[in-house]
Amino acid sequence: MRRLIVGLLVLLACTGVAAEEIAAKKDPAKVGTAAGAAVKGKPVAKKAVPKGPPAKELFGAVATPAPLAARSIGSYAKGCLSGGVSLPINGPDWQVMRLSRNRNWGNPRLLDFLERLASDARALDGWPGLLVGDMSQPRGGPMITGHTSHQVGLDVDIWLTPMPDRILSPQEREDMTAASMLKDPFTVDPAVWTPLHLKLIKRAASYPQVDRIFVHPAIKKKLCEDAGKDRAWLGKVRPWWNHHYHFHVRLSCPPGAEGCENQKSVAGDDGCGKELDNWYKMLRVAAIAQTKPPDPNAKPWSGKKPLLMGDLPAECKTVLTSGGNVPITDGSPVPVLLKAAASKEAGPPVPTLTPEQIAALKGNKAGAAPGVVPLPDRKPH
């Protein structure tokens, strides 16, 4: 028994030394801190474990805006919205979808943009009207489903499905599914995509307050091919996963807005070269990975840890509690949260490939066999 105890002590000591060596290689500044103290026998201060429910549950449970001045606070993926304004669910050139989510809120800057885009796209480009998806929650902040960003009232998802020529019922807005623009994971479907889609995205990118627009890489490629000589706007349009039935518009912070954090400016080119090539390589890897059987020994993926209130700007606590709002922390069911969680996804998943197409894709590292998996020349015409 004594030998066993001695052995365990030696093992623990060796483990501590090994941990210190690894920390030193990764970050020399860490030598002599926690690992060093453990080896020397000094007590190690334990890090305080953050307490409290995830911020997404606290913000998602509030059905009304903060009665404060309109402000976007923090960054797009770590912030909140003060004085949020709701976009009317019906406008002359738009309709709001998925009303159960209560996510048609934003900074006044976002509402002004949407009303202008809807009007201009209809009058100048012939687009029938916008179907508006998720904007932000009444007080912004993290959401329980669907997004990492959309937290400060400056992001909006716009469906690529044209607005019908009638007012949709509340139930239709819950059940209707946006149309995917894809034929397969690499190619836009010519039977669905039209020149009006290009005009709509180009129109959205033309406004100076628009910082970025996110679309599926295949849509970006199609835009690159058909843009013609006027290409300056293409730099704002960035490829991103799963944006195949809607496009995501992100506005810059209002001029002089204190506490609102802009992203780094986009590069000066049109994004149709090396960046798009890299995205197609990632699409290929993703398409092949979907066909692999799950590894029974792999640890289940749980995603990133949810944000807590301490992760958000300090002012977000005031935003959350203003107007007498008392956050629910006892796990009680909240109707707003339940409705949002139960709402239907806005669009279909990305199309998958047939076994024959996957085999062709695996056999051609540079691309796909012509006529089997359409991986067209990614240089714009």
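The values are calculated or read from the model by the stated rules, or taken from the named source; none is laboratory data. Predicted model, so just to flag it, every value in this text is computed and none were measured. Please note: Cβ atoms are built from the backbone with ideal geometry, for glycine as well, and neighbour counts cover all protein chains shown.
For ASN278, the criteria (1) modelled with pLDDT under 95; (2) farther than 23 Å from PRO142 by Cα; (3) out of contact with any Pro (no Cβ under 6 Å at 6 or more places or on another chain); (4) not aromatic (Phe, Trp, Tyr) hold in every case but one, which is (1). Check TRP193 against each of (1) surrounded by fewer than 18 Cβ atoms within 10 Å (Cβ to Cβ); (2) assigned to a loop (DSSP other than H, G, I, E, B); (3) not hydroxyl-bearing (Ser, Thr, Tyr) and name the one condition it does not meet. Against the list (1) surrounded by fewer than 18 Cβ atoms within 10 Å (Cβ to Cβ); (2) assigned to a loop (DSSP other than H, G, I, E, B); (3) not hydroxyl-bearing (Ser, Thr, Tyr), TRP193 comes up short only on (1). Residues that are within 18 Å of VAL210 (Cα to Cα) and crowded, with 24+ Cβ neighbours inside 10 Å are absent from segment 142-149. Summed over segment 222-249, residues that are touching a helix residue (DSSP H, G or I) at 6+ places or on another chain (Cβ under 9 Å), surrounded by 17 or more Cβ atoms within 10 Å (Cβ to Cβ) and not in a loop (DSSP other than H, G, I, E, B) total 12.
Looking only at segment 207-224, residues that are within 12 Å of GLY235 (Cβ to Cβ) and out of contact with any strand residue (DSSP E or B) (no Cβ under 7 Å at 6 or more places or on another chain) come to 1 in all. Looking only at segment 275-294, decide whether some residue is surrounded by fewer than 20 Cβ atoms within 10 Å (Cβ to Cβ), farther than 29 Å from ASP189 by Cα and either of a type in the set (Lys, Arg) or within 18 Å of the chain's Cα centre (by Cα) (or both). No; the residues of segment 275-294 include none that is surrounded by fewer than 20 Cβ atoms within 10 Å (Cβ to Cβ), farther than 29 Å from ASP189 by Cα and either of a type in the set (Lys, Arg) or within 18 Å of the chain's Cα centre (by Cα) (or both). Of the set (1) more than 30 Å from GLY106 (Cβ to Cβ); (2) at pLDDT 95 or above, all apply to LYS199 but (1).
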